[in-house]
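Here's the structure, in structure tokens; my notes come after.
The values are calculated or read from the model by the stated rules, or taken from the named source; none is laboratory data. Nothing here was measured: the structure is a model prediction, and the numbers come from that model. All Cβ positions, glycine included, derive from the backbone under ideal geometry; neighbour counts span all protein chains shown. Accessible surface is based on the protein model in full, side chains and every heavy atom, while ligands, DNA and RNA are left aside. Shrake-Rupley method; radii C 1.70, N 1.55, O 1.52, S 1.80 Å.
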Amino acid sequence: MRVMLFEENNLKKNALTLFFITLFFCFIGSHLRIPEEFSLFWPVNALVAGLMVRNPFLHTTSSYLVCFSAMVFNDMVFSGWALPAFTVNFANILFILVAVSMLIKHLQRPSAHSQVFNAMRIFPACFLGAAACATWGAWAQDVDFNARFIVAWGDWFSEQFSTSLMLLPVMLARPLRTVAPRTLLHPGKLLPLAAVIVSLIVGALIGGAGSLTFPVPALIWCAIVLPIPLTSLVILITGITEIVLVSHGVMNIQGDDALLPISHLTSARLGVATVAISPLLVAVSMDAIRQLNHRLSLRANYDFLTQLLSRSGLYESLKNEPFSLQREAGVVLLDVDYFKAINDNFGHDAGDSVLEEIARRIQQVVGNRGLVCRFGGEEFVVVVFDCNHSQLYQLAETVRQAMVKEKFWIQGNTVTVTASLGLARGSAQSEREWPAVINRLVSAADKNLYLAKRNGRNQTSPATEPRNIMDVA
């Protein structure tokens, strides 16, 4: 049973839920404070921002007031603050407002085309939200605009920026329940998780400036192998672990008193090595993706049997053809006569071999003068540009004669295969791209193909140019 935390038309429930969620995570953040003023990990801002992006109806003034009141209540009751509870928490609201305003309009329609763009928007949203939060927060601490202000600003910024970059992807990814647990039990899925754990241990042992980067290759391995929701969660846990290890001195990034006698330079070199291999892993993965996309594109744009353009491939190729209202295009639509009889008498494998041979003969005749496409079944289309009717007719007749001139060899038998052809020629009318023009011309050629069939087959129609080309086109 799925529990709905928020309902669009239930304002009271939304307000209460938002208040207690904000209060709970403010309480957790307050008790994560290290001896300095800042929390080790402050999750509430990114968490509330993620909830508002996932539920756009929460992006209202009243919702922000509810969050602000929960933050003030927490600091007044559990931290003993008075006026600072109001001034400092306004910085938290600033972060939520800026981040949500940047993300909410761009993450409502997740699709394959927009996923990368949406993910890339998280970085500037977190950056600007953290900057606004840090500016107000440092000022609210009564810090003068001097070196102390820069230090305070940096503390605020680093806390908000790091936390939000780790937590927001988890909030905005599809729910973990969509990931089938049994798919994660494969050793290939568990190895990158083990690599993350090992890299954290090695980083803690070695210490120094480069130790924080050690998990990066393992995390990229996770990104390649694991689904996005789980990868986001692993990144979050890894980031929190490193912060905890550094704050407790287990991972000594200064390099002093490290668990292993490793110099600063050695640690830095190892860190650079892990950073260097990370883009390589991404590059290899992207290259594999590009190759896969290329193969899929070929499968979509080319007919598997004849290796000619498919219908979709024809229209894609036409998009690359220079368009002009003055240019004319010609279409030859070919249909094999009595092709069903070939399939019935010799079988579908024989029919396929006939189509392959027909495609080879058509392509041999047309060459680079036009585009040849298997339009569907036993229909083929030839598209040529900048030709008159006589040239189009001559091309169609050459194709037809190439089929009749040499018989087809089918299962030890020589068989005569003929075809009927319909022509159409014209320029753009109301269309503004070639696919629409050719689509209209194919419809006109189909009518002439019907006339060729009706008049006895094995012929091209029309033999002479119509008086009004508009009758054809």
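Quick rundown of the values:
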{"read-out": "Residue list for the range 443-460, filter: closer than 18 Å to Gln394 by Cα and surrounded by 16 or more Cβ atoms within 10 Å (Cβ to Cβ)", "value": "Ala445, Asn448, Leu449, Ala452, Asn458, Gln459, Thr460"}
{"read-out": "Yes/no for Val417 being assigned to a loop (DSSP other than H, G, I, E, B), touching a helix residue (DSSP H, G or I) at 6+ places or on another chain (Cβ under 9 Å) and open to solvent by less than 10 Å² (accessible area, probe 1.4 Å)", "value": "yes"}
{"read-out": "Filtered residues of the range 47-98 (kept if closer than 26 Å to Ser232 by Cα, open to solvent by 30 Å² or more (accessible area, probe 1.4 Å) and assigned to a helix (DSSP H, G or I))", "value": "Arg54, Pro56, Phe57, Leu94, Leu97, Val98"}
{"read-out": "Members of the range 375-414 found to be more than 20 Å from Leu308 (Cα to Cα), in a strand (DSSP E or B) and either open to solvent by less than 60 Å² (accessible area, probe 1.4 Å) or of a type in the set (A, V, I, L, M) (or both), listed by number", "value": "Ile410"}
{"read-out": "Test set (1) modelled with pLDDT of 90 or more; (2) more than 22 Å from Ser427 (Cβ to Cβ); (3) of a type in the set (A, V, I, L, M); (4) in a helix (DSSP H, G or I) - Ala288 fails condition number", "value": "(1)"}
{"read-out": "Sole exception among (1) over 23 Å from Leu308 (Cα atoms); (2) at pLDDT 90 or above for Thr460, by number", "value": "(1)"}
{"read-out": "Residue in the range 301-320 that is surrounded by the most Cβ atoms within 10 Å (Cβ to Cβ), counting only those that are under 20 Å from Arg361 (Cβ atoms) and without any contact (Cβ under 8 Å) to a residue 60 or more places away in the chain", "value": "Tyr302"}
{"read-out": "Test: residue in the range 321-340 that is open to solvent by 30 Å² or more (accessible area, probe 1.4 Å), acidic (Asp, Glu) and either under 23 Å from Val404 (Cβ atoms) or not in a strand (DSSP E or B) (or both)", "value": "yes"}
{"read-out": "Matching residues, the range 352-374, being open to solvent by less than 30 Å² (accessible area, probe 1.4 Å), touching a Leu at 6+ places or on another chain (Cβ under 7 Å) and more than 15 Å from Val384 (Cα to Cα)", "value": "Leu355, Ala359"}
